[in-house]
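Read the structure below first, then the notes.
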Amino acid sequence: MASLNSALDISGLRKSYGGKSVISGIGFSAPAGMCFGILGPNGAGKTTTLRCCLGLTPPDEGKILLRGHSIPDDACAARAHVGVVPQSDNLDPDFTVRENLLIYARYFGLKKTETQRRIPGLLDFAGLADKETARVETLSGGMKRRLTLARALVNDPDVLFLDEPTTGLDPQARHLIWDRLKQLVAQGKTLILTTHFMEEAERLCERLIVLDHGRVVAEGNPHELIASHIEPNVVEIFGENAVQWAHARRALCRRLEIAGETAYFYCDDTAPIREALDKARVLHSLHRAANLEDVFIKLTGRELRD
Amino acid sequence: MIARLFGKPKPPGLRRLSPGWLPVWQRNFLVWRKLALPSLLGNLADPLIYMLGLGYGLGRMLPQVSGIDYMQFLVAGMIVASAMNAATFEALYSAFSRMHTQKTWDAILVTPLSLDDILAGELFWAASKSFISGFSILLVISAIGLSSLPLALWILPILFLTGFAFAAIGLIVCALAPSYDFFMYYFTLFITPMLMISGIFFPAEHLPRAIYLVASWLPLSHAVQLVRPLLLGEFPKDIVLHVAFLLGITVAAFRAAVFLTYRRLLN
């Protein structure tokens with residue numbers, strides 16, 4: 001399966017903790033120079049997979065090749081060319097923005113003069129040029145994320161791991177991060193992105209896998225996945241007696257799903273449903289194209305994961 | 001802008017130019033440097049208050065202790081105890097903050113450095129804190145004529161040795177701690193009793209034999225038996241034994257700390 005131009009190759013990966021299987025045989029290959037998504041509900045094994053890839057968790061079984069380095073044996077050498085944006089910020093609160101970059105670069109054995117030369121560019125990229133001497137504590141959540149991203153680039157990595165990079169950010173901050181990540185892909189970097197924001201995955205990822213209960217349940221391009229797994233149109237219906245109403249009109253669409261007080265009609269052609277809706281004035285409805293979230297829900301179910 | 005950011009050539013530094021622990025040590029040193037003055041004063045204040053309080057207070061009532069003035073006796077104890085405290089606080093509270101609260105170690109673990117490098121950096125840094133703390137007391141007491149130079153300068157490497165031993169033990173406790181509260185057990189069950197029976201405040205020989213034997217297996221008593229004679233301008237007896245004991249404790253405890261920290265963080 002390993003090909004020359006893949007940044008990350010995993011096969012037969014298994015990991016269990018105390019007899020409970022967290023990863024039960026994962027295999028995939030992330031091609032170099034694109035954004036590769038790892039999607040899944042909470043507890044699906046995303047973070048454990050990332051930890052295995054970085055050599056932070058020894059797998060019970062399986063092979064991992066990161067930039068051609070065998071993990072975990074050769075993890076230190078592989079990490080020299082890898083950047084990581086962790087799920088929660090672990091910037092150094094005792095230092096300024098600039099010091100955070102300088103000190104982090106030392107862990108890679110980079111020369112101070114080299115880092116100093118790169119800092120203005122990194123700060124520009126992160127939109128933090130005017131924050132160079134600010135203490136980390138004074139930064140907003142979005143700024144901290146951007147500094148974490150800049151820090152992950154301090155060694156000019158080929159492969160960047162991002163573990164839910166926009167969780168907890170407001171839309172403005174999120175869009176800025178997305179824009180920067182697209183720029184990085186345009187620069188030829190490989191991004192390995194875990195997320196449970198389907199919009200994020202749809203916008204950024206050229207290929208992705210969906211994990212659930214430690215297994216790969218789907219793999220492909222987001223648009224292909226939508227086309228192959230789900231009907232193209234969705235009509236959501238809610239309001240008084242929406243569920244009852246929907247059940248009675250089950251035959252008007254290919255697939256009907258009920259979640260709480262909302263009914264989801266998945267159809268190729270929405271005309272019959274819309275006609276029926278026109279007659280039922282009290283119901284509220286929303287017509288939209290099917291998206292990755294619909295695929296995700298179909299594959300991983302609607303029940304809560306904590 | 002992007003061109004500059006990702007401008008080649010590749011940075012050269014991915015070879016190991018320096019030992020892996022050094023950047024970790026440097027990080028801690030840089031943080032300390034920002035608050036060096038209050039930190040130094042804090043290091044000095046506590047032992048000096050004990051020295052003045054107990055030294056003058058008790059010293060007036062006591063005849064000579066082990067053949068010397070009580071103040072002279074106590075000074076050596078205070079230097080060793082401050083070295084112990086400095087390394088212990090660093091390896092417990094500060095290292096735990098970096099491991100557990102600030103997640104500084106997590107950030108370092110995704111660089112080419114390994115957990116061994118991080119722990120070694122913490123070990124060296126905590127020992128450096130012992131050195132800084134002991135050295136500043138040594139300066140003060142030399143200024144008031146309570147040390148015998150130049151022989152007392154041999155205390156400086158012993159401060160490091162003492163620091164290494166207590167840092168290594170402290171890192172074990174850090175690896176096992178569920179929260180900061182846990183450290184209280186270590187202080188009340190280990191550090192404080194050790195302080196009482198290791199010949200810091202009074203000669204250990206006067207203790208019941210069983211307790212004296214226990215004390216002879218504690219790192220603090222070995223450290224003080226090295227420092228006290230040097231402070232008086234004499235060569236310590238059994239130098240090799242004491243040094244070997246402190247080194248042995250350091251190596252054994254550090255290996256245990258590495259094992260336990262791996263189990264905690266990288267499983």
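What follows draws every value from the coordinates through simple rules; no lab data is involved. What you are looking at is a predicted structure, and each value in this text was computed from that prediction instead of being measured. Glycine gets a Cβ as well: all are built from the backbone with ideal geometry, and neighbour counts include every protein chain shown.
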Report task. Run the numbers on chain B and let me know its relative contact order in percent, using alpha-carbon pairs under 8 Å that are six or more apart. Result -> 23 percent
**Report entry** Phi-based couplings in Hz for segment B:180-193 (Karplus 6.51, -1.76, 1.60; Gly and Pro marked x)
**Finding:** 4, 4, 4, 5, 4, 4, 4, 5, 6, 8, 10, 5, 5, x
**Report entry** In segment B:191-265, the trypsin sites (Lys or Arg not before Pro) that fall in loop regions by DSSP, at most 13 other Cβ within 10 Å
**Finding:** B:Lys237
Report summary line: Relative contact order as a percentage, segment A:231-289, C-alpha pairs under 8 Å and 6+ apart, gives 49 percent
Report task. Just order B:122-128, A:82-88 by mean Cβ neighbour count inside 10 Å, highest at the front, would you? Result -> B:122-128, A:82-88
Report summary line: Exposure-ranked with fewest Cβ neighbours within 10 Å first, A:Tyr104, B:Tyr56, A:Tyr266, B:Tyr93 stand as B:Tyr56, B:Tyr93, A:Tyr266, A:Tyr104
Query raised in the report: Quick one: Cα centre-to-centre distance for segment B:81-132 and segment B:38-69, in angstrom?
Result: 30 Å
Report task. Based on the mean of other Cβ atoms within 10 Å per residue, sort peptides B:225-232, A:289-296 so the most packed one is first. Result -> B:225-232, A:289-296
Query - Between helix B:21-34 and chain B: long-axis angle, C-alpha atoms, 0 to 90°, nearest 10 - result: 70 degrees
**Report entry** For chain B: span of alpha carbons on each principal axis (Å, largest first)
**Finding:** 77, 38, 34
Report task. Report, ordered by chain and residue number, the aspartates and glutamates lying within cross-link reach of A:Lys63, taken as a straight Cα distance under 16 Å and ignoring same-chain residues fewer than 8 apart. Result -> A:Asp9, A:Asp73, A:Asp74
